[in-house]
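One structure, pasted below without further comment.
The values are calculated or read from the model by the stated rules, or taken from the named source; none is laboratory data. Note that the structure is predicted; figures quoted are calculated from it, not measured. We place every Cβ from the backbone using ideal geometry, glycine too, and count neighbours over all the protein chains shown. When the accessible area is computed, the model is the full protein with side chains, heavy atoms only, and any ligands, DNA or RNA have been set aside. Shrake-Rupley method; radii C 1.70, N 1.55, O 1.52, S 1.80 Å.
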Amino acid sequence: QVQLVESGGGLVQAGASLRLSCAASGLTFSSYTMAWFRQAPGSEREFVSRITWYSARYYADSVKGRFTISRDNAKNMVYLHMSSLNPEDTAVYYCAANKAGGSDGSRYDYWGQGIQVTVSS
């Protein structure tokens, strides 16, 4: 069975940095596009970033220049490095995997439980 487990969330002040991690198991990790989505209270789920099997990277305009996605295929891990955080980044962040790519969450096959990131000001 496939499992995606996020870690590294928490409560930080505006301007701080934080790194989220996602550990994958039960799939051929190197064959998958890995992505991060987020959902704020009362809002729809939105795309944040994705990285392909060949390490092409894509970002939502709202986070480009502040967030960096990376992957370690030897460890079946994907990371999201976040800097210059602001209260608008507050949300539950989800790790996701598929073989089709794209920014549409409905096309992703596997999802983590989600992890809370809260930014105060």
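When Lys and Arg each count +1 and Asp and Glu each count -1, what net charge do the other residues less than 14 Å away from PRO87, Cβ to Cβ, add up to? Don't skip to the answer; put the middle values down first.
Values: positive: ARG38, ARG66; negative: GLU88, ASP89.
Residues close to PRO87 contribute a combined charge of 0.
Further question on the same structure: Order the following by accessible area, largest value first: TYR54, TYR94. Probe radius 1.4 Å; ligands, DNA and RNA are ignored.
Details: TYR54 140, TYR94 55 Å².
From most exposed to least exposed: TYR54, TYR94.
With a 1.4 Å probe and all protein chains in place, put GLU88, GLU46, GLU6 in order of accessible area, largest first. Provide the component values of the computation, followed by the final result.
Details: GLU88 140, GLU46 80, GLU6 20 Å².
Result of the area sort, largest leading: GLU88, GLU46, GLU6.
Now for a different question. How much accessible area per residue does the chain have, in Å², with a 1.4 Å probe?
Details: 6240 Å² over 121 residues.
For the chain, the solvent-accessible area averages 52 Å² per residue.
In a Gaussian network model over the chain where Cα atoms closer than 10 Å are linked, find which of SER25, SER43, SER70 has the largest mean-square fluctuation.
Result for the chain, Cα springs under 10 Å: SER43 fluctuates most.
Further question on the same structure: Report the local net charge at VAL119: Lys and Arg +1, Asp and Glu -1, summed over other residues whose C-beta lies under 9 Å from its C-beta.
Numbers: positive: none; negative: GLU88, ASP89.
Net of charged neighbours comes to -2.
On to the next question. What are the ³J(HN,Hα) couplings of segment 7-16, residue after residue, when phi is run through the Karplus curve with 6.51, -1.76, 1.60 and θ = phi - 60°? Round to Hz, x for glycine and proline.
8, x, x, x, 10, 9, 8, 3, x, 7
Among the DSSP beta bridges whose two residues both lie in segment 23-88, what percent are antiparallel, rounded to the nearest 5? Each step should come with its number before you reach the end.
Numbers: 15 of 16 bridges.
Of the beta bridges lying entirely in segment 23-88, close to 95 percent run antiparallel.
Residue by residue through segment 102-112, which ³J(HN,Hα) values in whole Hz follow from phi under the Karplus form 6.51 cos²θ - 1.76 cosθ + 1.60 (θ = phi - 60°), with glycine and proline marked x?
Calculated HN-Hα couplings, in order: x, 10, 8, x, 5, 8, 8, 8, 10, 9, x Hz.
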